[in-house]
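Below is one structure, written out as structure tokens; comments come after it.
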Amino acid sequence: MEIDIVPADNTLPVARAYSLSIVIKSFKGRKDVEVHLFRPTWDAAEEKLYDWNALMGDLLVPDLEVSLESCRRVVLEAFTEEERDQLVEYLKNRYQDRLAAIRSCSLNFPIPLGLVALSELTEGKDSGFVNFDKVPNFPLPFAVRGFFDLSQHRPLLEGVE
């Protein structure tokens, strides 16, 4: 299993600044499925701790209608370094034979306005969520979900769609 944890290359404005994804070797008939992990819940008081004006940047696309709430969620769904390390350790131990990779890096600040939080994506025919915290004996003190899009990955058997 490849583990790629990229350290921040500068001082981060907040501790909650790390993204994490995994690559599952075989998932729902697809090969090497990337799953983007996020925190689906947080303490409402945490939202009040941040200087959102300093954390948010320019519009991703000019004249785009944006939801400031969604942009804030991009940060609130991210992991702290400690949470990231706990999650990586859990994934290595629990899913070592099923994962091809675990990847993490810091968010780029300021967050461009217009990004959509992972929790706001919708499930569809080829996309959905994995509720890691619903797995029996989930040991972490925070909930973890993952978003996947199967349409982005090759079938396990070539020629099968």
Label of the coordinate-derived value, Kirkwood radius over Cα pairs in Å, listed as [x] 15.8; [y] 18.2; [z] 16.9: [z]
To the nearest 10 Å², what's V135's accessible area with a 1.4 Å probe? 30
In Å², and per residue, what accessible area does the chain have when probed at 1.4 Å with the other protein chains present? 58
Among L37, L59, L87, residue whose mean-square fluctuation peaks in a GNM of the chain (springs only between Cα atoms under 10 Å): L59
Using the Karplus curve 6.51 cos²θ - 1.76 cosθ + 1.60 with θ = phi - 60°, what ³J(HN,Hα) values do you get for each residue of region 91-107, in whole Hz, with x for Gly and Pro? 5, 4, 6, 7, 10, 3, 7, 9, 9, 8, 7, 10, 10, 8, 8, 7, 5
Say we join alpha carbon atoms closer than 10 Å with springs in a Gaussian network model of the chain; which of R98, R39, R16 then has the biggest fluctuation? R98
Taking the DSSP beta bridges in the chain as the whole, what percent of them are antiparallel, to the nearest 5? 80
Please check: in the Gaussian network model of the chain (C-alpha springs, under 10 Å), which one of D126, D43, D97 has the largest mean-square fluctuation. D43
At a 1.4 Å probe radius, carbon and sulfur cover how many percent of the accessible area of the chain? 49
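The values are calculated or read from the model by the stated rules, or taken from the named source; none is laboratory data. No experiment lies behind these values; they were computed from the predicted model shown. Only protein heavy atoms, including side chains, enter the accessible area calculation; ligands, DNA and RNA are left aside. Shrake-Rupley method; radii C 1.70, N 1.55, O 1.52, S 1.80 Å.
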